[in-house]
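One structure is given here, and the rest of the page talks about it.
The values are calculated or read from the model by the stated rules, or taken from the named source; none is laboratory data. Note that the structure is a prediction, hence the values are computed from the model and not measured. Ideal geometry is used to build each Cβ from the backbone, glycine not excepted, and the neighbour counts take in all protein chains shown. For the accessible areas, the whole protein counts, side chains as well, though only heavy atoms, and no ligand, DNA or RNA atoms are used. Shrake-Rupley method; radii C 1.70, N 1.55, O 1.52, S 1.80 Å.
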Amino acid sequence: MARHRQHRREARTGTPFPEALDAFGERVRLITPDQWDSPTPCSDWSVRDLVNHLTGEQLWVPELLMGATVGEIGGRLDGDVLGDDPVAAWTDAARASREAWAVPGATELTVHLSFGDTSGQYYLDQLTTDLVIHSWDLAEGIGRLTRLPDALVEFALGEFAGYGDLSGSGFFDPPVPVTEDAPPQTRLLALTGRRDAG
């Protein structure tokens, strides 16, 4: 996702992580057998690659919230985590991640990420934002449900507005110029170097 930035907000409830999981999962279930190799706005990723990425992210959650480090997990969650039933793999990983975040105090934990230690709240917000953006990428890849839920767009827009120009991270194209009165989804996508065709 994005480069680490100081997460200055106090720990809070209300991050729409379950809704973001649901939005991505809804689009996963719409993938037809002939679409898994289709391209997405993420130039290096097919539909399957994208779902694999998000599934892998959810598989990390329970272990990181239990205090594991990236080094301790090692390469166990690298590569193809979807197997022969990608939808089931996503569903199982999403369920485990949702349950891990539902444990009281999860957002107050210290999580050991690749760039260093951070709060559970920062990690949760980052995961949620990644789900929102990639829900649009997946929707574009399959040609379905390209309009994202307003609440998710507003949340992710607030997060990305604090990151600044992300193109230097190597994970995003330069921001796309849009007018100040452009719809929220258009502005969100523009911040990540994406063009909203809708």
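Gly67 meets each of the listed conditions (1) more than 21 Å from Ser119 (Cα to Cα); (2) surrounded by fewer than 14 Cβ atoms within 10 Å (Cβ to Cβ) apart from (1). Of all the listed residues (Val81, Val51, Val87), the sole one being open to solvent by less than 60 Å² (accessible area, probe 1.4 Å), outside any strand (DSSP E or B), under 30 Å from Gly143 (Cα atoms) and in contact (Cβ under 8 Å) with a residue 60 or more places away in the chain is Val51.
Does the stretch 165-184 include one or more residues that are part of a helix (DSSP H, G or I) and closer than 20 Å to Thr40 by Cβ? Steps first, please.
Of the stretch 165-184, the ones part of a helix (DSSP H, G or I) are 167-169, 184.
Within this subset, residues satisfying the condition of being closer than 20 Å to Thr40 by Cβ are 167, 169.
Scanning the stretch 165-184 turns up at least one residue that is part of a helix (DSSP H, G or I) and closer than 20 Å to Thr40 by Cβ.
Within the stretch 98-121, is there a residue that is of a type in the set (Ser, Thr, Tyr), in contact with a strand residue (DSSP E or B) (Cβ under 9 Å, 6 or more places away or on another chain) and modelled with pLDDT under 95? There is at least one residue in the stretch 98-121 that is of a type in the set (Ser, Thr, Tyr), in contact with a strand residue (DSSP E or B) (Cβ under 9 Å, 6 or more places away or on another chain) and modelled with pLDDT under 95. Kindly indicate whether Val132 is among the aliphatic types (A, V, I, L, M) and under 22 Å from Gly14 (Cβ atoms). Yes, satisfied.
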